[in-house]
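What follows is a single structure, written as structure tokens, with notes after it.
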Ligand SMILES: Nc1ncnc2c1ncn2[C@@H]1O[C@H](COP(=O)(O)OP(=O)(O)O)[C@@H](O)[C@H]1O
Ligand SMILES: [Mg+2]
């Protein structure tokens, strides 16, 4: 195989990044370098408070670095303005531990709402909602309210909502933190399916079993930096 022509493009590139939270004396991240190639599926691990969510916040444009550089899909977002943040949101979808579904809207409306605020027209919205619910195995729950679904199902809706945007990158911050093992595996399998279809995935997780099962490249965050790189062996 020749690598001569195509040095794989970085989907996510952080160089020398420092992030100090407002009011905090010490930076959470300092001198952080992190690269995720286009089409990769990478896991971030590290103790609680090590800065995993901060990294997700920086990659999604929700937080800003106080030093260093951040490039997402080749574009500099180190100090991103409001306009560019909206554009970034369409190309980089985030899934959180707490699902964050709108409680008074149906499952279908939850997905459609995200599409609407991102400028997708009505007909296309309906098509994408159908497709996304099909993908996560919940086409029959379209008219249900979030509270009528189990935690695992709600997280699958959050995945569907992300997928419907057809993002280039999915960031998932402890997406299985509230789920039992079986549902956790289901979410990781869905992320893996999306990755195989070409989406770059960066997931934070303290669950080594999930990371090991899929043989993901794993970066451990400690003292504000990436400390170890390893590829967990698939299978056991
Ligand atoms: N909004 C915030 N304001 C002040 N400190 C914060 C904020 N968010 C996170 N931190 C601090 O930054 C550190 C890293 O937090 P976080 O990125 O959430 O870690 P992790 O996701 O690995 O548990 C912690 O010490 C946390 O208290
Ligand atoms: Mg976190």
Subset of region 36-64 [in contact with a helix residue (DSSP H, G or I) (Cβ under 6 Å, 6 or more places away or on another chain) and within 16 Å of ligand 1 (Cβ to nearest atom)]:
43, 44, 46, 61, 63
Among the residues that make up region 52-71, is at least one of them under 24 Å from residue 216 (Cβ atoms), more than 16 Å from ligand 2 (Cβ to nearest atom), at pLDDT 95 or above and more than 14 Å from the chain's Cα centre (by Cα)?
yes
Among (1) touching a residue at least 24 places away in the same chain (Cβ under 8 Å); (2) assigned to a loop (DSSP other than H, G, I, E, B); (3) in contact with a helix residue (DSSP H, G or I) (Cβ under 8 Å, 6 or more places away or on another chain), residue 17 falls short only on (2)
Conditions first: (1) closer than 16 Å to residue 170 by Cβ; (2) more than 15 Å from the chain's Cα centre (by Cα). Residue 18 passes all but one, so which condition is the exception?
(1)
Would you be able to tell me the number of residues in region 71-108 that are surrounded by 14 or more Cβ atoms within 10 Å (Cβ to Cβ) and farther than 26 Å from residue 129 by Cα?
5
Considering residues that are closer than 10 Å to residue 107 by Cα and touching a helix residue (DSSP H, G or I) at 6+ places or on another chain (Cβ under 6 Å), the number found within region 139-152 is 5
Kindly check whether there is at least one residue in region 202-211 that is within 16 Å of ligand 1 (Cβ to nearest atom) and surrounded by fewer than 18 Cβ atoms within 10 Å (Cβ to Cβ).
yes
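The values are calculated or read from the model by the stated rules, or taken from the named source; none is laboratory data. Just so it is clear, the model here is predicted, and its values are computed rather than measured. A quick note on method: Cβ atoms are made from the backbone with ideal geometry, for glycine too, and the neighbour counts reach across all protein chains shown.
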